[in-house]
Amino acid sequence: AQSVAQPEDQVNVAEGNPLTVKCTYSVSGNPYLFWYVQYPNRGLQFLLKYITGDNLVKGSYGFEAEFNKSQTSFHLKKPSALVSDSALYFCAVRPDSNYQLIWGAGTKLIIKP
Amino acid sequence: ETGVTQTPRHLVMGMTNKKSLKCEQHLGHNAMYWYKQSAKKPLELMFVYNFKEQTENNSVPSRFSPECPNSSHLFLHLHTLQPEDSALYLCASSHRPAGGAGTGELFFGEGSRLTVL
């Protein structure tokens, strides 16, 4: 079965430090990859996506993500965390253009001052 | 402001009640979605509408009944729900090409928090 794994329920990072939120997937074909963020009591917001091309994708709020085909991973990164980055982050994968998104369970990111 | 508005934001209902959730998008998109979000679980896709036509129903119980009168409005009618249906219900919209799910991102509303007593 096709799936997306976010292996950490929660990630704690001190403000100013780099952060990584992990995502691995098991899908067929050449997938499209997405990250979304959900702030408290809000809906999800699109952060970035990988369709093709450069493996390093830059998105909103200074976030970036690296696609690694051999490791089937799409980790979200930011060089310097802000307290305001604290939120729930979802990885999602679309196996191909004719398929709906497969979602991870989410990772809660807590940035401490 | 994402361009997708959901009402009500909070709803408490008994198992015998009938209520409806409403979603409206001002983005000119042709596809609208209902998702169920439960804590620490992946989002569950419930229904997809493309140009007002339902294109997916992911084995959702009949106590959930969607309605899409036009490309800008989507409803989720609720009746005889169970306590396990308590969750955050998210509406989303996107541009979706004919015959495919597309590569574009989804735009979400802020959700309707449903509690079934």
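The values are calculated or read from the model by the stated rules, or taken from the named source; none is laboratory data. Given the structure is predicted, the values throughout are model-derived calculations rather than measurements. Please note: Cβ atoms are built from the backbone with ideal geometry, for glycine as well, and neighbour counts cover all protein chains shown. Heavy atoms of the whole protein, side chains included, go into the accessibility calculation; ligands, DNA and RNA do not. Shrake-Rupley method; radii C 1.70, N 1.55, O 1.52, S 1.80 Å.
The table below gives the values:
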{"read-out": "Accessible carbon and sulfur surface of the protein assembly as shown relative to its total accessible area, %, 1.4 Å", "value": "50 percent"}
{"read-out": "Aspartates and glutamates whose Cα lies under 13 Å from that of residue A:78, excluding same-chain neighbours fewer than 8 positions away", "value": "A:15, A:64, A:66"}
{"read-out": "Estimated FRET transfer efficiency (residue B:15, residue A:110; beta-carbon r; R0 30 Å; 0.05)", "value": "0.25"}
{"read-out": "3J(HN,Hα) from dihedral phi, segment B:22-31, Karplus parametrisation 6.51/-1.76/1.60, rounded to Hz, x for glycine, proline", "value": "10, 9, 9, 10, 10, 10, x, 6, 9, 10"}
{"read-out": "Separation of the residue A:42 and residue B:115 label points, Cα + 7 Å toward Cβ, nm", "value": "2.4 nm"}
{"read-out": "Amide hydrogen neighbours beyond the local backbone of residue B:17, cut-off 5 Å, H modeled", "value": "B:80, B:81"}
{"read-out": "Theoretical FRET efficiency, 1/(1+(r/R0)^6), r = Cβ-Cβ of residue A:1 and residue A:71, R0 22 Å, to 0.05", "value": "0.65"}
{"read-out": "Which listed pairs, of A:77/A:112; A:69/A:112; A:77/B:52, have C-alpha distances above 28 Å, in listed order", "value": "A:69/A:112; A:77/B:52"}
{"read-out": "Extended-chain gain in nm, criterion 0.36 nm per residue less alpha-carbon gap, residue B:7 and residue B:77", "value": "24.0 nm"}
{"read-out": "Estimated translational D of chain A in µm²/s (Stokes, Kirkwood radius over Cα pairs; 37 °C; 0.692 mPa s)", "value": "234 µm²/s"}
{"read-out": "Kirkwood Rh in Å, taken over all unlike Cα pairs in chain B", "value": "14.2 Å"}
